[in-house]
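Here is the structure we will look at, set down as structure tokens.
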Amino acid sequence: MSEELPDLPTVFTPIIALREGGDAMARAVAEAPRHGAGTLVWVRSWARIEAAVVLEPEQPLAAARPALLAALSAFADAAGAFGPPELPLTFDWPATIRLNGGVVGAARLAAPPGCAEDAVPDWLVVGIEVAFAGPDREPGHDPGRTTLVEEGYDDTTPAGLTAAWARHLMATLAEWQARGFRILAERYLARLDPAFGAGGRRGIDPATRDLVVARGTGRERHPLAEAIAA
């Protein structure tokens, strides 16, 4: 695999490329204490997009955890520039990505082991893994899952989308910092699968970052805290 990432802003350093079969999330977690914010790890592969970025938040873990939602929104923005414009790209709470109704990937988040909710973590790692192409098969072979290539992403590559995701991630994080959590929540909720919490009013609690579905006088809570990677 000889493909390289397109040029990225200097905030991304070091950039570590793994061979097919590597684990970008695990490597970024291992590198986080040594290299800190801006470390980007990605996997050279024609079959999937897999990348992870190290962040150094200034907020306690409970408030910083929506970096996971930023990673998802960044991928949606990146993918939107390359695929058929009519294809719906949606999220299942909290971190599954669907394209045209089929599961295509997910985002992940990791924090230092044992970090308390009210403590500022030394680092966070956000990662993305998305199926780009699969074995040759008839469209619709597995209606529950899909790939970008099956859905018409013919004018890009995993490396190109990895770089696009990284750039959009930095822009999304900057917007969150400048405009507050509400804008990030709104962007995420706009892509949350309509079937999730159907018939209720959906929102993200600014204090706990939980998804809240309100029906009448009752409320369902879906914690974001469960999204931390093992």
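The values are calculated or read from the model by the stated rules, or taken from the named source; none is laboratory data. All of these numbers come straight from a predicted model, not from anything done at the bench. No Cβ is skipped: glycine too gets one built from the backbone with ideal geometry, and neighbour counts run over all protein chains shown. In case anyone asks, the SASA skips ligands and DNA or RNA and just uses the protein heavy atoms, side chains included. Shrake-Rupley method; radii C 1.70, N 1.55, O 1.52, S 1.80 Å.
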Which value, in Å², gives the accessible area per residue of region 1-147 when a 1.4 Å probe is used on the protein heavy atoms? 45
Value of [θ]222 nm, deg cm²/dmol, for the chain, DSSP H segments ≥ 4, -39500 (n - 2.57) each, nearest 500: -8500 deg cm²/dmol
Here are labelled values, [x] 17.3, 58; [y] 19.7, 79; [z] 17.4, 55, and one is the computed Rg and Dmax of the Cα atoms in Å for what I pasted. Which one? [x]
Amide H contacts of ILE204 (H built 1.01 Å from N, under 5 Å, at least 5 apart or other chain): VAL212
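Based on the alpha-carbon gyration tensor of region 25-102 and its eigenvalue square roots a ≥ b ≥ c, which shape applies: rounded if a/c is under 1.5, prolate if not and a/b is larger than b/c, or oblate? Kindly include the intermediate steps, with their values, before the conclusion.
On the way: a/c = 2.51, a/b = 1.51, b/c = 1.66.
Because a/c hits 1.5 or more and a/b fails to exceed b/c, region 25-102 counts as oblate.
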For GLU220, placing the label point 7 angstrom along Cα-to-beta-carbon and taking region 155-192, residues whose amide nitrogen sits under 15 Å are 192
In what sequence, largest accessible area first, do ARG65, ARG182 appear using a 1.4 Å probe? ARG182, ARG65
If I model region 1-41 as equal point scatterers sitting on the Cα atoms and use the Debye formula, what is log10 I(q)/I(0) at q = 0.17, 0.20, 0.23, 0.32 Å⁻¹? -0.47, -0.64, -0.81, -1.16
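As a test of reading the structure, rank ARG221, ARG209 by solvent-accessible area (1.4 Å probe, protein chains only), most first. Before the final figure, lay out the partial values.
Details: ARG221 115, ARG209 25 Å².
If we order ARG221, ARG209 from most to least accessible, we get ARG221, ARG209.
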With a probe of 1.4 Å, find how much accessible area region 158-230 has per residue, and write the answer as a whole number in Å². 52
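For the chain, what % of the accessible area comes from carbon and sulfur atoms, probe 1.4 Å? Before the final figure, lay out the partial values.
Numbers: 5600 of 10890 Å².
Taking all protein chains in place, the chain shows 51 percent carbon and sulfur surface.
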Which whole-number percentage describes the relative contact order of the chain, with Cα contacts under 8 Å and a sequence gap of 6 or more? 23
Considering only protein heavy atoms, what is the solvent-accessible area of ILE15 at a probe of 1.4 Å, reported in Å² to the nearest 10? 80
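Within region 22-86, report the GluC sites (Glu not before Pro) that DSSP leaves as loop and that have at most 12 other Cβ atoms within 10 Å.
Working: sites: GLU31, GLU50, GLU58, GLU86; in loops: GLU58, GLU86.
The qualifying sites are GLU58, GLU86.
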Quick one: of the DSSP bridges fully inside region 75-175, what percent are antiparallel, nearest 5? 95
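As a test, work out the antiparallel percent of DSSP beta bridges whose residues both lie in the chain, rounded to the nearest 5.
Values: 34 of 41 bridges.
Just about 85 percent of them are antiparallel.
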